[in-house]
1. Could you tell me how many of the residues in the range 13-31 are under 18 Å from residue 41 (Cβ atoms) and either modelled with pLDDT under 80 or more than 10 Å from the ligand (Cβ to nearest atom) (or both)?
2. Considering only residues that are surrounded by fewer than 14 Cβ atoms within 10 Å (Cβ to Cβ) and more than 12 Å from the ligand (Cβ to nearest atom), which ones fall in the range 32-46?
3. So residue 141 fits all but one of (1) touching a residue at least 60 places away in the same chain (Cβ under 8 Å); (2) in a loop (DSSP other than H, G, I, E, B); (3) buried (at least 19 other Cβ atoms within 10 Å of the Cβ); what number is the exception?
4. For the range 53-96, how many residues are buried (at least 19 other Cβ atoms within 10 Å of the Cβ) and assigned to a strand (DSSP E or B)?
5. Does residue 62 count as at pLDDT 90 or above, closer than 20 Å to residue 132 by Cβ and touching an Asp or Glu at 6+ places or on another chain (Cβ under 9 Å)?
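The values are calculated or read from the model by the stated rules, or taken from the named source; none is laboratory data. Treat the numbers as computed from the prediction; the structure is a model and nothing was measured. Please note: Cβ atoms are built from the backbone with ideal geometry, for glycine as well, and neighbour counts cover all protein chains shown.
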Amino acid sequence: MPFFICPNCKERSVDLDGYDGFSTQAIQCRSCAFGFLYELLEDYYPAPETGFVVCDRESRVLAAGRGVFELTGYRDADLIGRDVTEALALSDTTPIEVVREWGVRKMGQPLEIRTSAGIEKRVVVDFFPAYDDDGGLLLALTPR
Ligand SMILES: [Zn+2]
């Protein structure tokens, strides 16, 4: 059974009566009306301070959820369209390559990012591949 999570408000949903089979892009968040939900193979419980960043197959940011600003100092408009590894100065891009190449998730990666103020911040990042044809990925960033 697929699980869906809203990249904005982090509302999880499993009961999408009749929506199964549609692209993740077709489903809107019932809680905050965010434009799409992200499909996960297994249920996932983000921390309250976790922020989600959704990327396309080229790692360009499509959307940033609530919590990302608190974590990075960047607003959606600062991030959208940029390469996530450059925008956040991710200390290691290997997990993204693994996720993209193998379509598996990489959990609990201890990395550093650089905030908009130029401060190095320690985070744990969970990487999820997209299961639709667009083949992007989702980053869940949590401070550590
Ligand atoms: Zn939502």
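1. Of the residues in that region, 11 qualify.
2. Those that are surrounded by fewer than 14 Cβ atoms within 10 Å (Cβ to Cβ) and more than 12 Å from the ligand (Cβ to nearest atom): 42, 43, 45.
3. (2)
4. Residues that pass the stated criteria total 7.
5. Spelling it out, residue 62 is indeed at pLDDT 90 or above, closer than 20 Å to residue 132 by Cβ and touching an Asp or Glu at 6+ places or on another chain (Cβ under 9 Å).
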